[in-house]
1. Mind counting the residues in the range 265-303 that are in contact (Cβ under 8 Å) with a residue 60 or more places away in the chain and either over 23 Å from Leu236 (Cα atoms) or outside any helix (DSSP H, G or I) (or both)?
2. Suppose we filter the range 153-177 for residues that are closer than 19 Å to Pro198 by Cβ and part of a loop (DSSP other than H, G, I, E, B); how many remain?
3. Filter the range 362-384 down to residues that are among the polar types (S, T, N, Q) and without any contact (Cβ under 8 Å) to a residue 12 or more places away in the chain, then give me how many there are.
4. Kindly indicate whether any position in the range 351-361 is assigned to a helix (DSSP H, G or I), free of Cβ contacts under 8 Å to residues at least 60 places away in the same chain and closer than 21 Å to Asp235 by Cα.
5. From the list Leu32, Leu11, Leu19, exactly one residue is of a type outside the set (S, T, N, Q), under 30 Å from Leu346 (Cβ atoms) and touching a residue at least 60 places away in the same chain (Cβ under 8 Å). Which is it?
6. So, of the residues in the range 340-363 that are among the hydrophobic types (A, V, I, L, M, F, W, C) and more than 18 Å from the chain's Cα centre (by Cα), which turns out to be surrounded by the fewest Cβ atoms within 10 Å (Cβ to Cβ)?
7. Quick one: which of Arg314, Arg310 is within 30 Å of Glu217 (Cβ to Cβ) and touching a Gly at 6+ places or on another chain (Cβ under 9 Å)?
8. Evaluate the following for Glu280: is it surrounded by fewer than 20 Cβ atoms within 10 Å (Cβ to Cβ), charged (D, E, K, R) and either in the same structural domain as Glu249 (by TED's automatic domain parsing) or out of contact with any helix residue (DSSP H, G or I) (no Cβ under 9 Å at 6 or more places or on another chain) (or both)?
Amino acid sequence: MTGRTVSAETLLRRASDMLPTVKKRATETEALRRIPDETVRELRDSELLRIGVPKMFGGLDAEYRLMFEIGSLLGSACAATSWCFCIWAAHSWLVGHWPYKAQQEVFGSSPDVLSSSSLNPGKSTLEETSGGFKLSGHWEFSSGSDSAEWVIVGANRSDRLVWILVPHLDYEIADTWFVSGLKGTGSKDIVIKDIFVPEHRVLDFQQAGNGDWTGWEIHKQERYRVPIPVLLGWDLVTPMLGIAQGAIEEFTYKLTGTSGPGRTADSEGVHLRLSQSSAELDAAQALMNEDITQIFKKAKTGDAFSTIERAKIRRDKAFIAQTCLSAVNRLFEFSGGHGIFESGLLQRFHRDIQAAVLRDGFMMEFGGLQYARVALGLEPNGRI
């Protein structure tokens, strides 16, 4: 099975064609607290998810960065759909770092297999045994888990965090996802009870694309010459750009045509906030585009990423997230009493961005500090 070429224009058109349906279905998505089966089927049929799949297993011959552009489009209609789309596509890229045998197990039957994850160790134990490991544990925040056939979970192997591929038959999903934002992502808990994990399903992710060139040697795709922490995370920044775009579009739509003496659209406060938020989104998008361009420029040449470059990339992910938060908050604060009605879209974008930025990597206090340490001649004391 090999991938085929579909133009970027065609894939972007397919994503754009989905927007009215995805937007109309957003309320249902929240009520279900997961991505509807119809949306999952449409994403698969559109082949958009195959952007992340290695070409060897039927993935598209398309630039990986196209996934970010499509995710942002989807996010302007439904943040949860964008969030899960980006995660599923990014996880298909991740699987390409595992030994070939594990990749065959995941993609052998279809390129449209989906994987969810919970990449921190959670409450888990990993014990070595003959031919592999015994794994048990409880993990949180596995977005898109209801539609996934595999999960990637984190566990500590001695003193080092590793990631483990687990098929659906070996884990249970605990429905704990009763939340205020990103409701439709279905980010439920994963429960595993004393299963055997063969050695080939365990990955030292900190070495993948950073000394361990398994993915590159198998696939010869530039995305496998980038350390995982450098490229991972942009998949979650992307929906935030979409949320900010959606909030700006909704704010503009609601106020257009309300001009006249004493009317809302004549308010200088409205003008100022709309201008500031749209400028923030433009700046955030430009920064992300430049970072992604530089990442793949280095991947093309095979040059290593310096410590300061890696720290800057982690800083920028957090900065962009906080910039999107600022853009949405500024508009919501000026939306008046009508802004809080459940029937309105702005309140959902506001709730979703609050949830999206709560990951510690998207707070400048965590994601941004390492850059300053390195810039000041200190060693990083956190993951970059």
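1. The number of residues fulfilling the criteria is 5.
2. The number of residues fulfilling the criteria is 2.
3. First, pick out the residues of the range 362-384 that are among the polar types (S, T, N, Q): 370, 381.
Adding the requirement that they be without any contact (Cβ under 8 Å) to a residue 12 or more places away in the chain leaves 381.
Matching residues across the range 362-384 total 1.
4. To start, the set of residues in the range 351-361 that are assigned to a helix (DSSP H, G or I) comprises 351-356, 360-361.
Applying the additional criterion that residues be free of Cβ contacts under 8 Å to residues at least 60 places away in the same chain yields 360.
Retained after the next criterion (residues that are closer than 21 Å to Asp235 by Cα): 360.
Checking the range 351-361: at least one residue is assigned to a helix (DSSP H, G or I), free of Cβ contacts under 8 Å to residues at least 60 places away in the same chain and closer than 21 Å to Asp235 by Cα.
5. On the way: Leu11 fails: touching a residue at least 60 places away in the same chain (Cβ under 8 Å); Leu19 fails: touching a residue at least 60 places away in the same chain (Cβ under 8 Å).
The unique qualifying residue is Leu32.
6. Of the range 340-363, the ones among the hydrophobic types (A, V, I, L, M, F, W, C) are 340-341, 345-346, 349, 353, 355-358, 362-363.
Now drop any that are not more than 18 Å from the chain's Cα centre (by Cα), which leaves 340-341, 345-346.
Numbers: Ile340: 12, Phe341: 10, Leu345: 20, Leu346: 23.
Only one residue tops the list, namely Phe341.
7. Working: Arg310 fails: touching a Gly at 6+ places or on another chain (Cβ under 9 Å).
Every option except Arg314 fails the conditions.
8. Details: surrounded by fewer than 20 Cβ atoms within 10 Å (Cβ to Cβ): no; charged (D, E, K, R): yes; either in the same structural domain as Glu249 (by TED's automatic domain parsing) or out of contact with any helix residue (DSSP H, G or I) (no Cβ under 9 Å at 6 or more places or on another chain) (or both): yes.
No, not satisfied.
The values are calculated or read from the model by the stated rules, or taken from the named source; none is laboratory data. Given the structure is predicted, the values throughout are model-derived calculations rather than measurements. With ideal geometry, Cβ positions are generated from the backbone for all residues, glycine too; neighbour counts draw on all protein chains shown.
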